[in-house]
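Peer 1: Handing you this structure, nothing more for now.
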Amino acid sequence: MIRRKFTGAIIRPFLFALILECVGCMAAFGQEPAATPTSAKKPPIANATPVQATGTIEGSITDDDGKPLPDASVFVLAVGDQKRSKAATAAETGKFKVLDVPLTMYRIFAYAPSFVMPHDAVPAAGEQEKYYRPGEAVNISLIKGGVITGSVTDLAGEALVGVSVQAIRLPAADDSENFFALDLLSRRRETDDRGVFRIYGLPAGRYLVLAGGKAEYSFRQTPFDRDAPTFYPSSTRDTASVVTVQSGQEVSGTDIRYRNEPGSTVSGRVTGAATKNVQLLMTVAGITTPISATSSRDQDGAFSFTGVPNGDYKITALAMDDSFKPAGRGSGSTSVKGADVTGLSIRLAPLASLSGSMVRPEKPDVNCDPKSQASRDPAIVSLANLRKDDLDFLNFGRTETNIDPQGSFNMTGFGGGTFRLRTVLPDDWFIQSISRTTAKPANPKTSKPASMPQSTPPELVSIGNGENITGLTLTASSGAGSAGGSMSGAAPDISVPAGLRLLLVPTEKERTDDTLRYGESGVDRNGTFIFRNLAPGTYRLVSRIRAVDPQNIPRPLAWDAKERAKLLHDAESGGMPLEIKPCQKLNGMGLILGPDGTVKFKANQSVN
């Protein structure tokens, strides 16, 4: 048997940060402000702030067979303000109701033991995230997760008790970082007194299974903490076997013969931003692999990773202030070759911010629904990083915010990068134009700030660490339409390929260089697609197959002048005409995918 000395317990703050990312500010859920004692002797306060309007979010949680999931947890996460987030528990019927939620936008997740969120509940790379408004029905169907089970023995064949076993899901082409985060906490278990482990609640996918190393988020140490992980069946990461799991499937016999090899220690110091809380992750080959990390500014920023196998790594760090709001970030690289690595230095850079306003006419030119309150409906502006970053996983402050009733917005606490500006608007609004000024010197002749070059797509935002961009103006118009539907193959053996995109190309000559007038939508694995918030006008529909990289969000094809010229040519020569009239909803379109990849409307279908 393997014997080692226990050295005590280390309480890690990283679990708090991770939970905060996955399910919102847990401490704030369901809490109401404490009642303030009142006295009849005190007169009412003049000009008191009016009571904020609230609404209700309700729906149901079921399994993939439509059966209710009683006691499922529901997390209602307010965009840009976790203090407004709430939680609920489903009743015996699977139904839930959250009362008195402010009129803002929300993300909603559900959890039940051994179940996972459906893949289509979280967007693929480059697609818009799903948000909800109070009053909308929310119906989530959870999927039964898969299971990986087996045993861990030493080299003599004896069972190892209390060793940590983890399943790391390899990213698929259409994954998103959000989907990865949602199920991370369910992937690690310890072996029982027979040396047997059972990891349940796994999304379908391909996994690496490993034993040993620090049991992340644990309050105690084990004899295996400083070992290099042993990958199934008894190998290093480079020669590990991949375990494939389907939804609801139990994969047994995943037995690991423990190698009992010591790992290395990687240590250093975090410098820069004056914060007390620094969280770190170590990644290898694009896979987030928490090995063992402790860091505290109270200890002069020292950090240490233990049980690190040989390989090339990237270490990423996020600093938070006393309120656990992001305050700085940094990264570094290192290689481990059979020896400890010491003296690393990671300097935290200050975070960036962006602010601006959205302008909407007080009297819309087109009123799609006279009873609608669209002018006061919540709207969101967000920044989608065009290259995914390990720091995005650490950063539980989202790069998104609500646009307030006065039209202003402000995003803070994110790292520099190149982003795509995205908006979530009421259905009958679209973005007419985007304008902004840069940090370039003012024109000496006019004393006005320099404008962005006309060749720069208006949705493209580049911002450096510590930079503060102001003066971004979004001009919205009313009368938007939408177009959506489903696609099927022209023959039973034709399926929708991964990376298939549909594009709407404007036909008006004055719009051909206006990238805001192009539409691009992915087609999901079920063949469905949707274009939202479309400006009224005439279009032609074309298709493209684009390689999907889970580490990068694809830039719209229309952003590239050469690709835009090809789209215009294809639209003129073979694109399917489509007219979007003011307020028109074409949400039942049917498309046929031919053997040569061309897309056509189903026969006898009128789309205008």
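The values are calculated or read from the model by the stated rules, or taken from the named source; none is laboratory data. This one's a predicted model, so the numbers in the text were calculated from it and none came from an experiment. As a convention, Cβ positions derive from the backbone with ideal geometry for all residues, glycine included, and neighbour counts pool all protein chains shown. Surface accessibility is based on the protein's heavy atoms, side chains included, excluding ligands, DNA and RNA. Shrake-Rupley method; radii C 1.70, N 1.55, O 1.52, S 1.80 Å.
Peer 1: Within the range 249-274, take every residue that is of a type in the set (Gly, Ala, Ser) and under 29 Å from the mean Cα position of the chain (by Cα) and give me the one that is surrounded by the fewest Cβ atoms within 10 Å (Cβ to Cβ). Spell out how you get there, then give the answer.
Peer 2: We begin by selecting, within the range 249-274, every residue of a type in the set (Gly, Ala, Ser); these are 252-253, 263-264, 267-268, 272-274.
The next check asks that each one be under 29 Å from the mean Cα position of the chain (by Cα); those that pass are 272-274.
Values: Gly272: 19, Ala273: 24, Ala274: 10.
Once the filter is applied, the top-ranked residue is Ala274.
Peer 1: Further question: What tally of residues in the range 430-469 results from selecting those that are in contact with a Gly (Cβ under 7 Å, 6 or more places away or on another chain) and at pLDDT 85 or above?
Peer 2: First, pick out the residues of the range 430-469 that are in contact with a Gly (Cβ under 7 Å, 6 or more places away or on another chain): 436-437, 463-465, 467.
From what's left, at pLDDT 85 or above: 463-465, 467.
Selection size over the range 430-469: 4.
Peer 1: Related question: Can you name the residue in the range 483-515 that is open to solvent by 40 Å² or more (accessible area, probe 1.4 Å) and assigned to a helix (DSSP H, G or I) and, of all such residues, is nearest to Ser433 (Cα to Cα)?
Peer 2: Arg511
Peer 1: Of all the residues that make up the range 559-608, how many are assigned to a loop (DSSP other than H, G, I, E, B), open to solvent by 70 Å² or more (accessible area, probe 1.4 Å) and in contact (Cβ under 8 Å) with a residue 24 or more places away in the chain?
Peer 2: Pass one, the range 559-608, residues assigned to a loop (DSSP other than H, G, I, E, B): 560, 575, 581-584, 594-598, 602-608.
Retained after the next criterion (residues that are open to solvent by 70 Å² or more (accessible area, probe 1.4 Å)): 560, 581-582, 595-596, 602-604, 606, 608.
Narrowing the set further to residues that are in contact (Cβ under 8 Å) with a residue 24 or more places away in the chain leaves 581-582, 595, 608.
The qualifying residues number 4.
Peer 1: Scan the range 52-73 and report the pairs whose first residue is within 24 Å of Pro405 (Cα to Cα) and whose second residue is basic (Lys, Arg), with Cβ atoms within less than 7 Å and a gap of 6+ or a chain change.
Peer 2: The qualifying pairs are Thr56/Lys97.
Peer 1: Specify the residue that is modelled with the lowest pLDDT; the eligible residues are those in the range 231-248 that are under 28 Å from the mean Cα position of the chain (by Cα) and either part of a loop (DSSP other than H, G, I, E, B) or among the charged types (D, E, K, R) (or both).
Peer 2: Of all residues in the range 231-248, those under 28 Å from the mean Cα position of the chain (by Cα) come to 237, 242-248.
Filter again for either part of a loop (DSSP other than H, G, I, E, B) or among the charged types (D, E, K, R) (or both), leaving 237, 242, 246-248.
On the way: Arg237: 84, Val242: 94, Gln246: 94, Ser247: 92, Gly248: 93.
Applying the filter and picking the extreme gives Arg237.
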